[in-house]
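As structure tokens, the structure follows; a few thoughts come after it.
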Amino acid sequence: MDIENIKKEALDKLENIKDSVDLESFKRDYLSKKGKIRDLFSLVKDLPIEEKKTLGQKINQLAQEIEEVFLLKEKDFIKEKKEEIDLTLPAKPTDLGSLHPITQIRREMERIFQLMGFSVVEGPEIEDEWHNFDALNIPEGHPARDALSLGKTFYLKGGNVLRTQTSSAQVRYMKKMKPPIRIIVPGKVYRYETTDASHETNFFQLEGLLIDENVSVANLKAVLKKFLEEFFKREVEIRLRPSYFPFTEPSFEVDMLCTVCDGKGCAACKRTGWVEILGAGMVHPNVIKNGGLDPKKYKGFAFGLSIDRPTMMKYKINDIRLFHSGNLNFLKQF
Ligand SMILES: [Zn+2]
């Protein structure tokens with residue numbers, strides 16, 4: 001009987017289908033209008049009516065059965081095809097993370113000073129005592145050195161320290177470069193202290209140094225004002241308040257008119273209308289001498305700016321310890 005043979009043949013073929021070409025040719029050979037199953041109906045034509053009916057039913061059953069198996073096969077095949085890798089498709093986006101907020105702010109500060117002709121340089125984080133203290137006019141026994149070293153300096157084996165301020169790079173570069181010198185030194189500094197929301201054992205500073213002939217406080221003020229205006233993207237008013245640092249003379253605290261209240265007084269400026277923003281001054285002649293330059297010929301100014309504090313101001317971060325927490329929920333916001 002042809003029906004049984006065709007059924008066996010068809011199922012065999014279905015079993016061995018390997019690709020879409022096989023699938024198509026099977027469809028054409030067996031299931032189309034001119035296919036083998038349809039052909040079986042030609043056997044029926046001349047039979048007596050009763051046999052016609054029985055055979056007809058059998059053929060229909062066969063057709064249905066084969067088609068069902070075929071559809072299952074086709075479905076499997078489509079699923080498999082979907083799972084194949086298509087190398088021409090664009091890649092899934094990779095999670096690259098983001099720059100740390102301190103890095104973003106540091107780069108912005110560097111950009112502004114570079115526009116004003118300053119070069120970005122780096123100094124060592126492990127520093128000898130001479131560059132960290134003596135060269136900056138902080139000799140042993142000096143109250144400032146005592147204040148730092150008696151409890152606030154990390155001492156390492158062999159007499160080195162973790163630098164307590166980026167100023168330690170000043171004398172290194174005075175020795176390396178010829179005036180005019182215009183550099184900024186961004187980097188990490190270390191203090192041995194108890195941490196709280198506004199104190200960390202390591203934080204970031206940006207040191208600025210300019211050495212040339214005929215440099216005055218007016219130049220210092222102009223550079224700082226220009227920098228702050230570029231940084232805060234608005235007009236800024238600053239004032240210099242007399243202060244004391246061993247490595248500058250005269251020394252100043254630089255205040256900025258509060259950008260929150262425009263000087264009227266608010267919580268952010270503790271009702272004073274001014275916000276302390278950095279320390280600065282004219283480089284002490286002893287420091288210039290330590291840098292191998294003639295203090296009678298050369299003058300200069302230096303300033304030290306926190307990178308952490310403006311970052312906290314800009315993004316309204318209320319705890320400095322978050323910067324080093326490695327907390328992804330915190331970092332993913334930037
Ligand atoms: Zn204010």
Just to be sure, is ASN132 more than 27 Å from THR311 (Cα to Cα), in contact with a strand residue (DSSP E or B) (Cβ under 8 Å, 6 or more places away or on another chain) and either surrounded by fewer than 16 Cβ atoms within 10 Å (Cβ to Cβ) or not aliphatic (A, V, I, L, M) (or both)? no
So, restricting to helices (runs of 4 or more DSSP H) that lie completely within segment 19-96, which ones have at least 1 residues that are within 23 Å of LYS8 (Cβ to Cβ) and among the small types (Gly, Ala, Ser)? 20-26, 41-44, 49-83
So, of the residues in segment 255-278 that are within 16 Å of the ligand (Cβ to nearest atom) and in a strand (DSSP E or B), which turns out to be surrounded by the most Cβ atoms within 10 Å (Cβ to Cβ)? ILE277
Of the conditions (1) surrounded by 11 or more Cβ atoms within 10 Å (Cβ to Cβ); (2) over 45 Å from the mean Cα position of the chain (by Cα), the single one that SER42 does not satisfy is (1)
Looking only at residues that are among the basic types (Lys, Arg) and assigned to a strand (DSSP E or B) in segment 179-197, which one is farthest from GLU125 (Cα to Cα)? ARG182
Which residue pairs have Cβ atoms closer than 9 Å, lie 6 or more positions apart in sequence or on different chains, and pair a first residue in segment 165-189 that is at positive phi and surrounded by fewer than 21 Cβ atoms within 10 Å (Cβ to Cβ) with a second residue that is in a strand (DSSP E or B) and among the hydroxyl-bearing types (Ser, Thr, Tyr)? none
Under 8 Å between Cβ atoms, which residue pairs at least 6 apart in sequence (or on different chains) link something in segment 110-125 that is buried (at least 16 other Cβ atoms within 10 Å of the Cβ) with a partner that is part of a loop (DSSP other than H, G, I, E, B)? GLY123/ARG163
Say we look at segment 161-171 and pick out the residues that are of a type in the set (Val, Ile, Thr) and in contact with a Gly (Cβ under 9 Å, 6 or more places away or on another chain); which of these is farthest from MET116 (Cα to Cα)? VAL171
Matching residues, segment 172-211, being within 13 Å of PHE118 (Cα to Cα) and of a type in the set (D, E, K, R): ARG182, GLU207
Odd one out for LEU322 among (1) assigned to a loop (DSSP other than H, G, I, E, B); (2) over 26 Å from LYS226 (Cβ atoms): (1)
A careful count of residues in segment 198-216 that are farther than 20 Å from GLY291 by Cβ, outside any strand (DSSP E or B) and not small (Gly, Ala, Ser) gives 2
If you go through segment 170-197, how many residues are among the hydrophobic types (A, V, I, L, M, F, W, C) and more than 15 Å from LYS289 (Cα to Cα)? 5
Segment 313-334, residues that are closer than 13 Å to THR201 by Cα and aliphatic (A, V, I, L, M): ILE320, LEU322
Keeping to segment 137-170, report how many residues are modelled with pLDDT under 85, touching a Pro at 6+ places or on another chain (Cβ under 8 Å) and not in a loop (DSSP other than H, G, I, E, B). 2
Among the residues listed as PHE301, PHE330, the single one being within 27 Å of THR194 (Cβ to Cβ) and aromatic (Phe, Trp, Tyr): PHE330
Has segment 225-244 got any residue that is part of a loop (DSSP other than H, G, I, E, B), within 16 Å of the ligand (Cβ to nearest atom) and under 21 Å from ARG107 (Cβ atoms)? yes
For GLU193, which of the numbered conditions (1) more than 16 Å from the ligand (Cβ to nearest atom); (2) surrounded by 21 or more Cβ atoms within 10 Å (Cβ to Cβ) fails to hold? (2)
Matching entry among GLY279, GLY265 (being modelled with pLDDT of 90 or more and either under 25 Å from GLU110 (Cβ atoms) or of a type outside the set (A, V, I, L, M) (or both)): GLY279
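The values are calculated or read from the model by the stated rules, or taken from the named source; none is laboratory data. None of the values given here were measured: they were computed from a predicted structure. Ideal geometry is used to build each Cβ from the backbone, glycine not excepted, and the neighbour counts take in all protein chains shown.
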